[in-house]
1. Taking only DSSP H segments of four or more residues, each worth -39500 (n - 2.57), what value at 222 nm results for the chain once the sum is divided by all its residues, to the nearest 500 deg cm²/dmol?
2. Given a cut-off of under 8 Å on Cα pairs at least six residues apart, what relative contact order in percent is computed for the chain?
3. For the chain, with equal point scatterers placed on the C-alpha atoms only and solvent neglected, what are the log10 I(q)/I(0) values from the Debye formula at q = 0.14 1/Å, to two decimals?
4. Restricting to DSSP loop positions (anything but H, G, I, E, B) with no more than 15 other Cβ atoms inside 10 Å of their own Cβ, which trypsin sites (Lys or Arg not before Pro) remain in the range 140-248?
5. Work from the charge dipole of the chain (Cβ charges, +1 for Lys and Arg, -1 for Asp and Glu, about the Cα centre) and give the residue of ALA253, PRO127, PRO115 farthest towards its positive end.
6. If I stretch the segment between ARG70 and THR144 completely, what's the gain in nm (0.36 nm per residue apart, minus their alpha carbon distance), one decimal?
7. Specify the inter-centroid distance of the range 179-216 and the range 265-302, based on alpha-carbon positions, in whole Å.
8. Taking the Cα centre as origin and putting +1 on Lys and Arg beta-carbons and -1 on Asp and Glu beta-carbons, what dipole magnitude results for the range 114-361, to the nearest 20 debye?
Amino acid sequence: MRRVGLALAVLLAVAGARSAGAAPPSDAWLEGYAAAVLERDFRLAAPSLRVRDGVITVGAQDLAGADRERVLQALGAIRGATRAEVVAAAAAPAETPAEPVTPRVIVDYQSGLLPGGTLFKPLLADPRWPHFAASYQRYLRDPTLKDVASVSFGETFSLLRERYWSSWWEVGVQAGVFAIFDLDAVSKDLINADYFVALPFGFRRGDLSGLLRVFHQSSHLGDEFLLRTRSQRINLSYEGLDGKVSYEFWGDALRVYGGAGYLFDRDPASIQPWSLQYGAEFASPWPSRNAGWRPIAAVDFQHREENEWSMDFSARAGVQLDGVLASRNMQILFEYFFGHSPNGQFFKSKIEYIGLGAHFHF
């Protein structure tokens, strides 16, 4: 386990060094560079050209007679650009500009090594999706825990992305640490820490995306918690394979997903291997994206053979702040969970909690 922890620390340190060492270009710089590319390579003047949070948009009326695919490939390849989009012309009086029409993405992602972003978006209500977060949780009707701090450190990084058969494909690495602390203990005891690392393969074609992962997880109880409670420790560790598909409606306003997983090389070996997962997410189109924030909500359902297919339910709702640190976003979310604990060896224990957390996504 020490080797897994060391590898995870090195991975996150390298990713952090890469992000800190190369600050992304500003939107103004990208807009000027994109305008120069259009004029130099395509003899186009595009008054509708805009850049926000690294996303380059250009009006369809300014690309008349041009090869849109080539134009957007050139714009999407600009260093620091998140993606390039064509938007339909808005019909409105000049003195009262209309709300921009939801863009139809033609060329959406950069290709090659370390392209940035991911094809399969994070699952917002999944308690075990690797990302940076800190939450306060109030356990309800629990005999041992009341006030709990939950933290996670991790992310998904794309290593290589290419486009084949009108679809995008990528391979990456995913890693995370999930830990909970007893805030009512004198020393704020670490209760449990789960270490997760995966090799994900992503796919996207339009609004349809998919993810296939091979992963490892191992769990460890905190020393203070063990000494205080004299709990019997289980050496919980396993590898697994899971797959998910996702479809987005009305831009990114509504998303539904589902999938299944299978565990192998299990310790203890008696753990049943199969699981199901599905859910939905909603990102309000009001106010507009230009406001820099919007309400969001998500639900996640999971069923495990080990727990006789009973339902584990997670719900999160709150506000998303767009463009925090370039193209990143932060979410302030109310949380509710009911079902079997996702925390390590406590997977047979039923818990219920409400909480409030801050979640940061790359």
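Derivation of every value follows stated rules applied to the coordinates shown; laboratory data play no part. Predicted model, so just to flag it, every value in this text is computed and none were measured. Neighbour counts are summed over all protein chains in view; Cβ atoms, including those assigned to glycine, are modelled from backbone coordinates with ideal geometry.
1. Computed ellipticity for the chain at 222 nm equals -4500 deg cm²/dmol.
2. Relative CO of the chain lands at 12 percent.
3. Log10 I(q)/I(0), no solvent term: -1.23.
4. Here the trypsin sites (Lys or Arg not before Pro) that fit, given the DSSP loop and packing criteria, are ARG141, LYS146, LYS188, ARG230, ARG233.
5. Looking along the dipole axis, the top candidate is PRO115.
6. Gain on extension, ARG70 to THR144, equals 20.5 nm.
7. Spelled out, the Cα-based centre of one part sits 12 Å from the other.
8. Charge dipole, the range 114-361, about its Cα centre: 380 debye, nearest 20.
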